[in-house]
């Protein structure tokens, strides 16, 4: 289960004729619960090269949420370096604070093994 607390605030001041100021303060808050199931791992291509992967999907208070990544990685004795492409989709829908979000792009990572 995933819980997300989201708060947004807007403080707006409009100055008009005769230096009159009209303040406006707007705020919204929402708490969301979603059940998410996923899979992750890596496929070894050679002694050092591998393909990492991650995929999840969920629902609950949201219509749909999903995330994933894949790319290439190189394993060293001390850890791994990866270059991945990541994607996140979140669709709240209806009358909630968030209607829909999509984030995507490349990520460079380093994992250290102890």
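The values are calculated or read from the model by the stated rules, or taken from the named source; none is laboratory data. Everything numeric here is computed off the predicted structure, so don't read it as measured data. Every residue, glycine as well, gets a Cβ built from its backbone with ideal geometry; the counts of neighbours run over all protein chains shown.
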When (1) exposed (fewer than 14 other Cβ atoms within 10 Å of the Cβ); (2) outside any strand (DSSP E or B) are applied to residue 62, the one that fails is (1)
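Within the range 13-34, can you find the residues that are under 28 Å from the mean Cα position of the chain (by Cα) and loosely packed, with under 11 Cβ neighbours inside 10 Å?
25, 26, 27, 29, 31
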The condition from (1) touching a strand residue (DSSP E or B) at 6+ places or on another chain (Cβ under 7 Å); (2) surrounded by fewer than 14 Cβ atoms within 10 Å (Cβ to Cβ); (3) in contact (Cβ under 8 Å) with a residue 12 or more places away in the chain that residue 76 misses is numbered (1)
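Yes or no, residue by residue, for (1) modelled with pLDDT of 95 or more; (2) part of a loop (DSSP other than H, G, I, E, B):
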residue	(1), (2)
81	yes, no
90	no, no
103	no, no
114	no, yes
